[in-house]
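Undergrad: Before I ask anything, let me first share the structure, which is written out below as structure tokens.
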Amino acid sequence: IFQIPCLRSGSFEYYLSITSPSLQTINGAESSINVDVKPVIKGKIVPLESLCVQTYLTKCLGNVHRWKEHFQLSQEMGFNCVHLTPISELGFSGSSYSISHQHSISKLVSVKPTE
């Protein structure tokens, strides 16, 4: 397992190679990735290093009409951006990114108005 840090926007090509115990290099897959991140707030591009992001697992947030309370808390803690996992119906594993039906809202996310 490896990570490729993308610290700036742009197109990047990469390839994988493995050196065997006998010091023979085996070239593997080649590919490319395009990183084009330019967040905009109120019409101005925001430098990535100025973002402080809080991730929420939407399946744990309860009724959507109360989400504002969570966001307010994030703001009070110094976060200036939130990332929400999908609200779609989840797949067998229950993972927040394992979507079963992308056009259905998960039963774990209540959209009924609160009293």
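Nothing in this text is a laboratory measurement; each read-out follows from the coordinates by a stated rule. Since the structure is predicted, the reported quantities are computational estimates derived from the model, not experimental observations. A quick note on method: Cβ atoms are made from the backbone with ideal geometry, for glycine too, and the neighbour counts reach across all protein chains shown.
Undergrad: Placing +1 on the Cβ of each Lys and Arg and -1 on the Cβ of each Asp and Glu in the chain, which of SER98, GLY62, PRO5 has its Cα farthest towards the positive end of the resulting dipole?
TA: Among SER98, GLY62, PRO5, the one farthest towards the positive end of the dipole of the chain is GLY62.
Undergrad: Just how large is the dipole of the chain about the Cα centre, in debye to the nearest 20, putting +1 at every Lys and Arg Cβ and -1 at every Asp and Glu Cβ?
TA: On the way: 9 positive and 8 negative charges, 75 e Å.
Approximately 360 debye in magnitude.
Undergrad: I would also like to ask the following. Mind checking which lysines have their Cα closer than 28 Å to the Cα of LYS112? Skip sequence neighbours fewer than 8 apart in that chain.
TA: Leaving aside lysines fewer than 8 places away in the same chain, those within reach of LYS112 are LYS59, LYS68.
Undergrad: If you don't mind, another one. Specify which residue in the list ILE45, GLN75, TYR14 is farthest towards the positive end of the charge dipole of the range 1-78, using unit charges on the beta carbon of Lys, Arg (+1) and Asp, Glu (-1), about the Cα centre.
TA: Of the options given, the answer is GLN75.
Undergrad: Starting from the Cα of LEU7, step 7 Å along the direction of its Cβ; do the same at CYS81; then give the gap between the two resulting points in nm.
TA: Between LEU7 and CYS81, the label points sit 1.7 nm apart.
Undergrad: Compute the long axis of helix 67-76 from its Cα atoms, compare it with the longest principal axis of the Cα atoms of the chain, and write down the angle in degrees, 0 to 90, nearest 10.
TA: 70 degrees
Undergrad: While we're here: When semi-axes √(5λ) of the Cα gyration tensor in Å is calculated directly from the model, which label among (i) 33, 16, 11; (ii) 37, 23, 13; (iii) 45, 13, 11 fits?
TA: Answer by label: (ii).
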